[in-house]
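Report on one structure; see the data block that follows.
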Amino acid sequence: MVRKRITVSGSHKQALKLPRGSRGNGDYELFTYGVAKSTLGNVLVATGNKGVVAVLIGESPAEVTADLRARFPRVQLIRDDQTLVSETSQLVNYIESAKEDVNFDLDLRGTDFQKKVWRAVRKVKISETTTYTDLARVIGFPKAIRAVARACSINPLAFVVPCHRVLHKERALSFSPNRGNDRQRPMVDREAKALKQ
């Protein structure tokens, strides 16, 4: 679902405390985001005027909000859980059931190479896995294995760009403990189980 551009005018400019040097003609970029709770942690979905820009997961609403701010430091953020309830509910349903991929209109923010990687990852279906090596080959850069891994490591669209399905060459889990290894295994297992049902 694509959100309409939010215009900023009058008292709203002061309420949002737009930083010095921001545009005063209503074109300053705003993201609306919502947070919901799942069994794997708190999930956040953020939208811009062209679609979903971020899907994040963390231990608390404060953690995922801080992550969003760190990734998009120049953007004004407005939390509105009700407006984003359709997106966050779809995401939570996927996490809990692992039966159907999340289907959002996306606004990918990254380099051309990163977006090429993320688009290729989106083609990996539920219960399937691939490796960084195979993914590098698929996108036409067979020697760029580390760059592919890096693109996955900074993926701003958790589960929607399902980098948890990308494993090491030995088919071992690819996420380190501080990057959610405790969430990669449950999702890989849940998807495999859902396929058998």
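What dipole magnitude, in Debye to the nearest 20, does segment 74-141 give about its Cα centre under +1 on Lys/Arg Cβ and -1 on Asp/Glu Cβ? Mind dumping the intermediate values first?
On the way: 11 positive and 11 negative charges, 87 e Å.
Computed about the Cα centre, the dipole is about 420 debye.
For the pairs Lys50/Lys115; Lys99/Lys193; Lys116/Lys193; Lys37/Lys115, note any where the Cα-Cα span goes beyond 19 Å.
Lys116/Lys193; Lys37/Lys115
We did not get these values from a lab; they are worked out from the coordinates using the rules stated. Being a predicted model, the structure only gives us computed values, none of them experimental. Note that each Cβ is placed from the backbone with ideal geometry, even for glycine, and that neighbours are counted across all protein chains shown.
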